[in-house]
Structure formats: structure tokens, C-alpha cells
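Here's the structure we're looking at; comments come further down.
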Amino acid sequence: MTHPPLDSAVELAIEGLVQHYVLNQEKYKIFLNGMRVLTEVSPLSTLIHSSKSRLKDPEHLRDKLRRKAAKALKDGVEFDISPDNLFERINDLAGLRILHLHTHQMEQIHKHLLAALEEARLPLVEDPFARTWDDESRAYFASIGIGSRDSDSMYTSVHYVIEANTRTKLTGEIQVRTLAEELWGEVDHSINYPHPTPLVACQEQIRVLARVTSSCSRLVDAIFTTHADGMLRAQAVHTSATADAAPAQAG
């Protein structure tokens, strides 16, 4: 998909925004390092399988700004992103992704991540939210106090938009998702980013993969739930047997 032609003044403004970001990338590196440290702090670190981080590629920023300018043109509104508000309006210039094994870890991850952000004085810009298309996931996130937003592209991930503890006002994003959801995300990103594939067959297969991914996440959740239940039952049997044996030994 190509962008509609943009006014030369808008193209010039976009180029200025990209250069403004490039000139401030060292500040974003400091911010991103502070975000990475969060994943090394116990007990949060014990819940994490792995993490990924990156600064946004300037070319991807240029493309994103062009898409926003094209949408503004289509909607008949002004393209109002400027160097003064770029770092507040574009929240994913610095990004950290936290990966974990199963959905029910999210309650503890959410709790400890919020505590770590508060300790590091990295305030939330808005309430955390989950993007999801799955009703069961939506209900689970609601049960642990995380609101949800619909995801037309069929991905599930919890988003935390935070502000840097730096003199320059910067914002960044932390995403938390399961390993299964990461697989779907990587495939979708390869095929559909920055522009959706025009191939209907690929679009359909990616939507099928989203449903398979959801089933995979549900199966992994069930395995960990039944394992925990089985261990509790075994411990209860052992405790009971030990208690029964104690009087006999005493006699």
C-alpha cells in the first residue's frame, strides 16, 4: 500500500520531525537502558522468560508520520505533530517487550511491574490496557484490573505507556505478552508492517494463526493450572500420610 501524495510542506515538516528524533536518540538510549533494568529486578525477573528492546528506526518513524499525515488529510484535519510534541504524541520511539510463559502470570507481572516503575520514578502516561480480540482474555484482564481495547488485527498484548525520568520529556512503551502471542506478532510484523500485505490468502492465514495462537495460550494455561493442582494434591496426601504415621511411631 502506498501513501497518497502529501503536500511538500508536510513532507518537509515530517523530515524535520525525523531529524529531531535522530538528534535526540542518545537521550532515548538512556531512557531505554532504564527500562531494561526493570526486567532484572526480582521478583519481576523470576516471572519473565525473556525480553526484547529497541529504538524505533528513523525510516519507520518517517513512514508512521506519513501515515498519520495521510489520515489527517483524509479526515480533513490539520497534521498537528510538531517538534514540541513529537515525543509525547509518538509513544513507541523507545520500546521494551516482556515475554512470559502463560497468561495467569500476568497478575503478578502487572503488580511487580507497577511497583518497579514507581520505584524508578517512571510514571504512567495513561492507565495500562490490553489490546485483545479474545473474550476470554478480555474477561481475565478485567479480573486483574486491566482494561482492554479491541484489536482488529487480532493480537493480544498489555501496554504500559510511561514517561522518562529525564529533563527532556520523553515517552516510551512497555508491552507484555506470552511467548505464543509473540510468535503471532513476529509473523504478522514480518508480513504486515509497515503496510498490510495485499495477498488475501496471507491475510486469512494470519487470522487463522491468531486463533491457533489463542488455543495454544489456553492449552499452556491449562497445563500449568493442572500441574499446580496436582502438586497441591500430592503434598496434601504426603502431609496426611506423615500425620498418620507419627502416632504409630510414637507408640
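Given the structure, is Asp188 among the charged types (D, E, K, R), open to solvent by less than 60 Å² (accessible area, probe 1.4 Å) and assigned to a helix (DSSP H, G or I)?
It is true that Asp188 is among the charged types (D, E, K, R), open to solvent by less than 60 Å² (accessible area, probe 1.4 Å) and assigned to a helix (DSSP H, G or I).
Of everything in the range 162-174, what is of a type outside the set (Asp, Glu) and open to solvent by 30 Å² or more (accessible area, probe 1.4 Å)? Give them in sequence order.
Selection gives Asn165, Thr166, Arg167, Thr168, Lys169.
Any idea which of Asn24, Asn85 is open to solvent by less than 30 Å² (accessible area, probe 1.4 Å) and either at pLDDT 95 or above or touching a Leu at 6+ places or on another chain (Cβ under 9 Å) (or both)?
Residue meeting the stated conditions: Asn24.
Helices (runs of 4 or more DSSP H) wholly in the range 1-51 with at least 1 residues that are farther than 20 Å from Thr171 by Cβ - which ones?
Of the helices (runs of 4 or more DSSP H) lying wholly inside the range 1-51, those with at least 1 residues that are farther than 20 Å from Thr171 by Cβ span 8-23, 44-47.
Do you know which of the residues in the range 213-232 that are more than 24 Å from Met154 (Cβ to Cβ) and small (Gly, Ala, Ser) is least open to solvent (accessible area, probe 1.4 Å)?
Out of the qualifying residues, it is Gly230.
Please find, among Val10, Val18, the residue that is open to solvent by 30 Å² or more (accessible area, probe 1.4 Å) and either within 23 Å of Gly95 (Cβ to Cβ) or touching a residue at least 24 places away in the same chain (Cβ under 8 Å) (or both).
Result: Val10 is the single residue among Val10, Val18 that is open to solvent by 30 Å² or more (accessible area, probe 1.4 Å) and either within 23 Å of Gly95 (Cβ to Cβ) or touching a residue at least 24 places away in the same chain (Cβ under 8 Å) (or both).
Determine if the range 52-59 includes at least one residue that is more than 23 Å from Glu181 (Cβ to Cβ) and buried (at least 17 other Cβ atoms within 10 Å of the Cβ).
no
Determine which single condition Val176 fails, assuming it passes every other condition in (1) in a helix (DSSP H, G or I); (2) touching a strand residue (DSSP E or B) at 6+ places or on another chain (Cβ under 7 Å).
Among (1) in a helix (DSSP H, G or I); (2) touching a strand residue (DSSP E or B) at 6+ places or on another chain (Cβ under 7 Å), Val176 violates only (1).
The values are calculated or read from the model by the stated rules, or taken from the named source; none is laboratory data. None of the values given here were measured: they were computed from a predicted structure. Note that we place each Cβ from the backbone using ideal geometry, even for glycine, and neighbour counts take in every protein chain shown. Surface accessibility is based on the protein's heavy atoms, side chains included, excluding ligands, DNA and RNA. Shrake-Rupley method; radii C 1.70, N 1.55, O 1.52, S 1.80 Å.
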